[in-house]
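Enquirer: Next up is a structure, given as structure tokens.
Nothing in this text is a laboratory measurement; each read-out follows from the coordinates by a stated rule. Since the model is a prediction, treat every value here as computed from it, not as a measurement. As a convention, Cβ positions derive from the backbone with ideal geometry for all residues, glycine included, and neighbour counts pool all protein chains shown.
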Amino acid sequence: MILDALSKVSNAITSDLYLEDILRLIVTVTAGVMNSKICSLMLLNDKNELEIKATQSINPEYIRKPNLKIGEGIAGRVAVENRPIVVYDVQSDKEYKHKDLAKREGLASLLSVPLAVRGKVIGVLNTYTSQPHHFTQEEIEVLQTVANQSAVAIENTHLIVKTRVIEEELESRKAVERAKGILMRKKTLSEEEAFRFIQKESMNRRISMRQVAEAIILSAQL
């Protein structure tokens, strides 16, 4: 079961799945392996806050839990200290932030581990039990292994998206430069005037400058 779970996460690293699908797969696999009542994955957002990005919980109240600041609550501490933290009873723990919700959901023990890439924490993986449970060292190591592989999958996805964005930007610039050259020759425009022409057409037609540029290039080839 554990090896199967790790294999699924490993496959996600090299898959063409979107990030949301990868995150859902991670929490589903983790919940199965750890026999979790609830499993949740939190990532650091642009405000450097931990935000729930995936959970197999269907409770809207849990899904909409407020973001945690770094150092705030159990997950916030895990992110700061970059180490697993175990809480035997979240309903009575002083640091746990959502005791009322924990009571309503019937949550007991918590194991929270960092998602880190090359020593940099990018999020936290949490697993809860419905009965008080002393997590063994083996269980902690298993969840940390899943978290480590998950962090690689998430980071790879971010890099792929960033690379695609850069590639799109470069292709757009090339198209605009080529279209400018055509306009400068055919309409005897300056470089600045050609650029403004493309920009104005983009705004008027409500399409991207790349689309305008590609239309200009296509018409020049006919």
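Enquirer: Please compute, for the alpha-carbon atoms of the chain, the extent along each of the three principal axes and give them in descending order in Å.
Expert: 78, 35, 30
Enquirer: For the stretch 23-120, rounded, prolate or oblate, judged on the Cα gyration tensor with a ≥ b ≥ c (square roots of eigenvalues), a/c < 1.5 rounded, else prolate if a/b > b/c? It would help to have the intermediate numbers written out before the result.
Expert: On the way: a/c = 1.36, a/b = 1.16, b/c = 1.17.
Rounded.
Enquirer: Dipole magnitude of the stretch 2-158 about its Cα centre, charges +1 at Lys/Arg Cβ and -1 at Asp/Glu Cβ only, in debye to the nearest 20?
Expert: Values: 17 positive and 19 negative charges, 69 e Å.
The dipole magnitude comes to about 320 debye.
Enquirer: Past the 28 Å Cα-Cα mark, which pairs from Lys69/Lys94; Lys37/Lys65; Lys47/Lys200; Lys47/Lys174; Lys53/Lys97; Lys47/Lys180?
Expert: Details: Lys69/Lys94 17 Å; Lys37/Lys65 17 Å; Lys47/Lys200 35 Å; Lys47/Lys174 34 Å; Lys53/Lys97 18 Å; Lys47/Lys180 39 Å.
Result: Lys47/Lys200; Lys47/Lys174; Lys47/Lys180 exceed 28 Å.
Enquirer: Suppose only helical runs count, i.e. DSSP H with n ≥ 4. What mean residue ellipticity at 222 nm does that imply for the chain under -39500 (n - 2.57) per run, divided by all residues and rounded to the nearest 500 deg cm²/dmol?
Expert: It comes out at -19000 deg cm²/dmol, rounded to the nearest 500.
Enquirer: Here is a further query. Report the chymotrypsin sites (Phe, Trp or Tyr not before Pro) located in the stretch 10-101 that are in a DSSP loop and have at most 12 other Cβ atoms inside 10 Å of their Cβ, or state none. Can you show the working numbers first?
Expert: Values: sites: Tyr18, Tyr62, Tyr88, Tyr96; in loops: Tyr18, Tyr88, Tyr96.
Of the chymotrypsin sites (Phe, Trp or Tyr not before Pro), the ones in loops of the stretch 10-101 whose Cβ has at most 12 other Cβ atoms within 10 Å are Tyr18.
Enquirer: Ordered by residue, what ³J(HN,Hα) values in Hz, to whole numbers, does the stretch 114-121 give under the Karplus form 6.51 cos²θ - 1.76 cosθ + 1.60, where θ = phi - 60° and Gly and Pro are x?
Expert: Once rounded to whole Hz, the list reads x, 9, 9, 10, 6, x, 9, 6.
Enquirer: Is the shape of the stretch 170-222 best called rounded, prolate or oblate, per the rule: a/c under 1.5 gives rounded, else a/b larger than b/c gives prolate, else oblate, with a ≥ b ≥ c the square roots of the Cα gyration tensor eigenvalues?
Expert: Details: a/c = 1.40, a/b = 1.17, b/c = 1.20.
Cα axes put the stretch 170-222 in the rounded bin.
Enquirer: Let me ask something else about it. Arrange the following residues from fewest to most other Cβ atoms within 10 Å of their Cβ: Asp89, Asp46. Write down the numbers at each step before the final one.
Expert: Working: Asp89 15, Asp46 6.
Listed from fewest to most nearby Cβ atoms, that is Asp46, Asp89.
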